[in-house]
Amino acid sequence: MEKSYEKYASRFLALLGEHEQEAKKIEDTANQIAIDRRFSDFGRQEHIAGLKADMEKLCAGNSDILRGLVKQFCEEYAVSFGEDGMDHGTDIANALKVIEMCGANITADLFRSVIEPLKGSYKALKVINDVLSIRWENQQAADKYSPEIRGIIRDYMGSNDEVNSYVEYLNDVKAVTDYPVLLDYQLVNVGVNGASRFEVQNRTRYSVCVLPDEIIRLGKMYEELALKYPLLFSNYVPTAEDIIDDTMKNQI
């Protein structure tokens with residue numbers, strides 16, 4: 001079954017194909033006009049100008065469609081902050097009490113055991129992390145919690161290089177939507193010695209051309225991270241069947 005991100009990539013490629021066809025029609029029409037003796041020089045120039053305007057309109061319209069498609073994908077595959085909807089007030093209080101009693105001597109295993117009940121709530125984990133951060137900044141070096149403790153809470157929250165790399169990657173893709181036009185095709189006269197010959201030149205940025213591949217790559221990253229950090233990647237969690245399908249595809 002085609003996955004959501006694969007559908008986005010397919011829709012993108014389909015629109016690019018349609019755009020190419022429409023652009024080719026404009027190019028063919030321009031070259032027909034260029035050799036049609038029924039047109040005066042003025043009439044020919046006027047029609048060519050109209051075709052160039054049609055090309056700009058085509059690019060602007062399809063750019064808006066693609067821009068919306070990319071924005072929708074980025075929203076669907078953004079990092080979320082999952083909540084299990086449970087009241088964790090008692091769990092938070094218990095965790096803070098143990099942390100206070102043990103201080104910097106708290107072991108990694110004990111720390112994991114007291115925050116394990118909170119793993120379904122990003123907000124609850126953030127409370128613990130904020131307390132640790134404040135104490136980390138205010139305590140003397142000898143009384144600070146070990147980097148291992150800080151690492152554990154950040155892993156539970158998904159605040160690590162792996163997640164940050166995904167967020168940066170997604171933001172790079174989303175930045176494409178800020179371009180004035182995503183598809184930049186121009187009708188250009190490449191004739192020589194006074195003769196007219198028109199061709200469509202594709203001046204679309206490379207970052208737009210590779211968007212289908214980037215979408216697929218991000219979708220696969222999301223699937224992998226959803227298994228590790230379900231609180232942050234809760235929009236789509238791959239099923240066992242999805243994982244088996246991917247494994248079989250890689251073996252083919």
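The values are calculated or read from the model by the stated rules, or taken from the named source; none is laboratory data. From a predicted model like this one, the values you see are computed outputs, not experimental measurements. As a convention, Cβ positions derive from the backbone with ideal geometry for all residues, glycine included, and neighbour counts pool all protein chains shown. Protein only, heavy atoms only, side chains kept; ligands, DNA and RNA dropped before computing areas. Shrake-Rupley method; radii C 1.70, N 1.55, O 1.52, S 1.80 Å.
Restricting to the stretch 179-194, and then to whatever is out of contact with any strand residue (DSSP E or B) (no Cβ under 8 Å at 6 or more places or on another chain) and open to solvent by 40 Å² or more (accessible area, probe 1.4 Å), can you tell me which residue is nearest to Gln45 (Cα to Cα)?
Residue satisfying both the conditions and the ranking: Gly194.
Of all residues in the stretch 24-34, how many are under 15 Å from Ala195 (Cβ atoms) and either in contact (Cβ under 8 Å) with a residue 40 or more places away in the chain or assigned to a loop (DSSP other than H, G, I, E, B) (or both)?
Number satisfying all stated conditions: 3.
If Tyr222 satisfies all but one of (1) out of contact with any Leu (no Cβ under 7 Å at 6 or more places or on another chain); (2) under 24 Å from Lys57 (Cα atoms); (3) open to solvent by less than 60 Å² (accessible area, probe 1.4 Å); (4) modelled with pLDDT of 90 or more, what's the number of the condition it fails?
Condition (2) is where Tyr222 drops out.
Could you pull out the residue among Ser10, Ser63 that is open to solvent by 40 Å² or more (accessible area, probe 1.4 Å) and closer than 26 Å to Tyr206 by Cβ?
Just one listed residue meets the conditions, Ser10.
Step by step: first the residues of the stretch 173-194, then only those that are assigned to a helix (DSSP H, G or I) and either more than 19 Å from the chain's Cα centre (by Cα) or touching a residue at least 40 places away in the same chain (Cβ under 8 Å) (or both), then the one that is nearest to Ser63 (Cα to Cα). Which residue is that?
Thr177
Could you say which residue among Arg197, Arg203, Arg154 is among the basic types (Lys, Arg), touching a residue at least 24 places away in the same chain (Cβ under 8 Å), under 30 Å from Ala34 (Cβ atoms) and open to solvent by 70 Å² or more (accessible area, probe 1.4 Å)?
Arg197
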